[in-house]
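Mind having a look at this structure? Questions to follow.
The values are calculated or read from the model by the stated rules, or taken from the named source; none is laboratory data. Predicted model only: the values in this text are computed from it and were never measured. So basically every Cβ, Gly included, is an ideal-geometry build from the backbone, and we count neighbours across all protein chains shown. Accessible surface is based on the protein model in full, side chains and every heavy atom, while ligands, DNA and RNA are left aside. Shrake-Rupley method; radii C 1.70, N 1.55, O 1.52, S 1.80 Å.
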Amino acid sequence: MKRAAKSADEAKLTREWALPSGATLGSSVRARGIMLEMRARLPLKLRKALDIRGSELLLRLPESEAAAFRDAAALVSAGLVGIESLPVIPREIEDILDIKTTERHRWLKDGRLPSAGIRTVKLRGRARKITFHVFDPRMVEDLLDSGVIDDWREQDAETARENRQRAAWQRKLARAEKTGQGVPDGDGERVELVDWAAFEREGLLR
């Protein structure tokens, strides 16, 4: 107990690094992600000495560990060189662009969110690894500045509406064919044509 109290009272060596806005892109999640990247560069016993406060990294160690402090500070300083180009991971891009996971998956699949590659990490304390796409921070910044996300959402809403209408029309066709009745037109009237349902179902009228 006395040793713990002495350690808590011991004078600390401190150093701070302000993270540039071009690196954090205004995201606290991204800032914490950068901190975790820098922690990973440190020896295991020193990792918790590095923390984040706002958009600043903070390294603190007792004066008795001056040599370890200098080494850790050098590693963090070197790691922050070019930090603006650090790939953006999924949880970060969702926070930066204020998008949902489902939107990220959909826009990644259709190419609107181009992948900058994949990354595989091992979860702490587990044998399982996970693989995910990462994104170019400059591409993410361009999307943030352009406001195109709102346009994408409008496009998706329109596509969903058209898909619902198409599905409803297909159901009408299927019912009409099953009962042997004529196929209703767009105004709810029936068109008495042989094999019209099959003709529409094949997509030849689109």
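Treating only the Cβ of Lys, Arg, Asp and Glu as charged (+1, +1, -1, -1), what charge dipole size does segment 1-122 show about its Cα centre? Round to the nearest 20 debye.
For segment 1-122, the charge dipole is close to 520 debye.
Take the Cα pairs of segment 2-131, get the Kirkwood Rh, then feed it into Stokes-Einstein at 10 °C and 1.306 mPa s and tell me D in µm²/s.
It diffuses with D of about 95 µm²/s by this estimate.
Give me the count of lysine pairs in segment 33-177 whose alpha carbons sit under 23 angstrom apart, restricted to pairs 8 or more positions apart or on different chains.
Going through segment 33-177 pair by pair, I get 4.
Continuing with this model, one more query. With every protein chain present, what accessible area does residue 154 have (1.4 Å probe, heavy atoms only), rounded to the nearest 10 Å²?
120
What's the magnitude of the charge dipole for segment 62-107 around its Cα centre, counting Lys and Arg as +1 and Asp and Glu as -1 at the beta-carbon? Answer in Debye, nearest 20.
Around 260 debye, computed over segment 62-107.
Could you work out the relative contact order of segment 45-159, using alpha carbon pairs under 8 angstrom and six or more residues apart, expressed as a whole percent?
Averaging sequence separation for qualifying contacts and normalising by length gives 21 percent for segment 45-159.
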